[in-house]
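> First the structure, which I've put down as structure tokens, then a few questions once you've had a look.
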Amino acid sequence: MFYILKKEENYLGLLAFTIGSEFALGYSLFKLPFWSIVSVILLVASLLLSVNHARRTDRFYRVIYNLKTSWLSREVLFSSLSILFYILSIVKPVFYYPALVFLTAGVISSIIIYMLKSRPSWYKADTPVSFVGSIFTMSLPICILFNPRSNNYYSISDNIAIEIISNHMRSKVRTSLNIVSILISLISIIIPEIIIIVEIMNIVSETEHRKEFYEKVIYYGLPKV
Amino acid sequence: MERKLGFIFDHNKCIICNACVDACNKAYGNLNWRSLIVMPYGESKTALSIACNHCDNPTCMQVCPANAIEKNEMGIVRIRDDKCIGCGFCTWACPYEALKFNNEGIMTKCNFCYARLAEGKGIPYCVEACPTGALAFGWIEKGEAEVDYLPPSEITKPRIVIKQPEIKESLKSKCFTY
């Protein structure tokens, strides 16, 4: 069997959208300050960046034309609906619930998009673990920052530890950042203010890991001569 | 099993002349829809001529968000260029590197020379150009592509029949990039 190591071209929009939507989901899930406005900004900005991935942006409206079988169509629809409900929730907080449901559906769709058998580096447990993990690793430190008495210190450590295991310590940068992040999050039980360092480290770790996800794609392909 | 159109390739007849690739490129504008992969074989060499396999389970079609890929009653998987948004998601799903962008940012691939077939003007250019009959096409019941140098066929169920060299010896590509 032959594998090709290839780099995904023009992936920054996709990276921005996956990280942005996961951050927005975690941020609003825990109802952190200005959750509706922050979620709208994160989602609109990252969705606009991801549109650039299509070479024919003049036809981008067609992206939702295959809801029957395409998870990309579903992802864009669910995420767009969540933006609508987050905007409505600024006026009527009750729209928080449909916004959260649709954004969750959008993130699940993102995960399934990448679970492709033709790309063994994506078709493994680390894909859902890192996508779901980043929802929590990027939002829980902010939770603690605003509520130091919460018991979220251990949740952060657990999440990051699971990410290290699912990554099989393949990425040294990811593993190092995550180990240091666990240590600092445990120290922050005594000095809560330093949790901001964990937040920064987790954003860097998730972004670096996602960059590697797009830049080192193992793909079944034709034999090369 | 229903018969659909598919390519048939016989390693034993291929003389590695590249006529199939040249004919396809000449007809469709150097998009390299077809590849001729030369592999060492014992002390000699052999080659595989491959393009889109018009799979029974076309994952490219399933993942396309714009509904720009369709499979017709003959089994031909085609891209509707007026519907493609150029997202490239189909290239992620196809393990055979069959899809290629054109200069207008639209995805293209082998269409089995559908226009020629449908109008009775001829057979696919690549098949017509093959001087030895190594590359043929026909109504085939199911693909037979369980060879160790191609991706696992259960991913897309490619409708291609590959006749392996008669002397059983493992085919090995000279190199691969991973």
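> Give the residue from A:Ile144, A:Ser188, A:Ile90 lying farthest towards the positive end of the charge dipole for region A:85-190; charges sit on Cβ (+1 for Lys and Arg, -1 for Asp and Glu) and the dipole is referred to the Cα centre.
The Cα lying farthest towards the positive end belongs to A:Ile90.
> With charges only on Cβ, +1 for K and R and -1 for D and E, what is the dipole size of region A:76-225 about its Cα centre, in debye, rounded to 20?
The calculation lands at about 500 debye.
> Sticking with this one: Enumerate the calculated ³J(HN,Hα) couplings along region B:107-115 in order (Karplus 6.51 cos²θ - 1.76 cosθ + 1.60, θ = phi - 60°), each rounded to whole Hz, writing x wherever the residue is Gly or Pro.
Once rounded to whole Hz, the list reads 6, 9, 6, 4, 10, 6, 6, 3, 4.
> In addition: For B:Asn72 and A:Val51, what is the calculated FRET efficiency with R₀ set at 30 Å and r taken between the beta-carbons, to the nearest 0.05?
So, using R0 = 30 Å, E works out to roughly 0.45.
> While we're on this one: How would you classify region A:60-202 from its alpha-carbon gyration tensor, with a ≥ b ≥ c the square roots of the eigenvalues: rounded for a/c under 1.5, else prolate if a/b is greater than b/c, otherwise oblate? Don't skip to the answer; put the middle values down first.
Numbers: a/c = 3.31, a/b = 1.32, b/c = 2.50.
In terms of gyration-tensor shape, oblate.
> For B:Gly86, what is the net charge nearby, where nearby means another residue's Cβ is under 14 Å from its Cβ and Lys, Arg count +1, Asp, Glu -1?
It works out to a net charge of +3.
> Cut-off 20 Å, label point 7 angstrom out along Cα-to-Cβ of A:Ile203: give me the residues of region A:33-57 whose amide nitrogen falls inside.
Answer for this model: A:33-50.
> Okay, next question. Among B:Thr108, B:Thr132, B:Thr46, which one shows the biggest mean-square fluctuation in a GNM of chain B, springs joining Cα atoms closer than 10 Å?
So, out of B:Thr108, B:Thr132, B:Thr46, the one fluctuating most is B:Thr132.
> Taking amide H atoms as placed 1.01 Å from N in the peptide plane, list the residues 5 or more away in sequence, or in a different chain, whose amide H sits under 5 Å from that of B:Gly105.
So B:Gly105 has HN proximity to no qualifying residue.
> Could you give the distance between the Cα centres of region B:61-101 and region B:1-45, to the whole Å?
Cα centroid to Cα centroid, the span is 21 Å.
> Taking R0 as 35 Å, what FRET efficiency do you get between B:Lys13 and A:Ala125 from their Cβ-Cβ distance, rounded to the nearest 0.05?
E(calc), rounded to 0.05, equals 0.20.
> For a Förster distance of 25 Å, can you work out the FRET efficiency between the beta-carbons of B:Arg3 and B:Asp148, rounded to the nearest 0.05? Each step should come with its number before you reach the end.
On the way: r = 27 Å, r/R0 = 1.08.
For B:Arg3 and B:Asp148, the calculated efficiency is 0.40.
> Same structure again: Name the residues of region A:122-145 whose amide N is less than 17 Å from a point 7 angstrom out from the Cα of A:Ile194 along the C-beta direction?
A:141-142, A:144-145
> Can you tell me the length gained on complete extension of the stretch A:Asn147 to A:Ile41, counting 0.36 nm per residue apart and subtracting the Cα distance?
Full extension from A:Asn147 to A:Ile41 adds 35.8 nm.
> So how strong a dipole does region A:103-189 carry about its Cα centre when Lys and Arg Cβ are +1 and Asp and Glu Cβ are -1, to the nearest 20 debye? Mind dumping the intermediate values first?
Working: 7 positive and 3 negative charges, 55 e Å.
Dipole of region A:103-189, to the nearest 20 debye: 260 debye.
Laboratory data are not the source of any read-out in this text; all were calculated from the coordinates shown. Being a predicted model, the structure only gives us computed values, none of them experimental. Ideal geometry is used to build each Cβ from the backbone, glycine not excepted, and the neighbour counts take in all protein chains shown.
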